[in-house]
Amino acid sequence: FPSHDTKATPSLSSFGSVTKTFGDSSFSITAPTASVDGSFSYASGTTSVITISSSTATVAGAGSSTITATFTPTDTTNYNTNTITTTFTVDRKSITITSGTKSKTYGDSTPTNSFTNSTLVGSDAISSVTYTYSGTNTTTAPTTAGSYTITPSAAVFSTGNINNYDITYTPSSY
């Protein structure tokens, strides 16, 4: 009679979820626990959020990704490969955009608007924002004398992705 021995499937556990913030450094993946000796390889289900090289994960953007750990037992004669998954979440980076303080003497031309922002990630850059003036509640600067605020909004990124950021807009004096 032929032998119909079947391979055992090792049990896998303790593959914890991870939460990072856009802009965080690369990190080592903590291997799950396996019931027999062997090694793991990893794959990201959403590479726009997390990329993986060997056992190092790199944050690529905000969102979530299912991470699959594939276990290969040392003894492949008696044990099957097995997989386990978890979720890695990348939160958006909080930044603040502040309009530049401006002053204008009655009769002078309207000064050019400017803004500052807290640290963006990598080569990300904001090319423009929309400015709204108190007093007119529009993007048109007031022409009558007085004290106003200028509030930035609607940032436009020349490089990078606005969806990776949680933006707070801070007004200044005009």
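The values are calculated or read from the model by the stated rules, or taken from the named source; none is laboratory data. Remember, it's a predicted structure, so these values are computed and weren't measured experimentally. Cβ: placed from backbone, ideal geometry, glycine included. Neighbour counts: every protein chain shown. Accessible surface areas use protein heavy atoms only, side chains included; no ligands, DNA or RNA. Shrake-Rupley method; radii C 1.70, N 1.55, O 1.52, S 1.80 Å.
General remarks:
- Applying the criterion of at least 1 residues that are charged (D, E, K, R) and either free of Cβ contacts under 8 Å to residues at least 12 places away in the same chain or surrounded by 13 or more Cβ atoms within 10 Å (Cβ to Cβ) (or both) to the strands (runs of 3 or more DSSP E) found wholly in the stretch 1-61 leaves 18-21.
- Some residue of the stretch 65-83 being touching a residue at least 12 places away in the same chain (Cβ under 8 Å) and within 28 Å of S118 (Cα to Cα): yes
- Looking at K93, K104, just one residue is surrounded by 12 or more Cβ atoms within 10 Å (Cβ to Cβ) and under 27 Å from S44 (Cα atoms), and that residue is K93.
- Any hit, the stretch 65-88, residues being buried (at least 18 other Cβ atoms within 10 Å of the Cβ), under 30 Å from T132 (Cβ atoms) and within 28 Å of the chain's Cα centre (by Cα): no
- When we screen T101, T130, T119, T149 for residues that are modelled with pLDDT of 80 or more, more than 13 Å from Y174 (Cβ to Cβ) and over 23 Å from the mean Cα position of the chain (by Cα), the only hit is T130.
- Put simply, of S134, S172, S127 the only residue that is touching a Gly at 6+ places or on another chain (Cβ under 8 Å) and more than 30 Å from G16 (Cα to Cα) is S172.
- Summed over the stretch 115-136, residues that are surrounded by 15 or more Cβ atoms within 10 Å (Cβ to Cβ) and either within 16 Å of S158 (Cα to Cα) or acidic (D, E) (or both) total 7.
- Residue within the stretch 144-163 that is under 30 Å from V59 (Cα atoms), out of contact with any strand residue (DSSP E or B) (no Cβ under 7 Å at 6 or more places or on another chain), open to solvent by 40 Å² or more (accessible area, probe 1.4 Å) and polar (S, T, N, Q) present: yes
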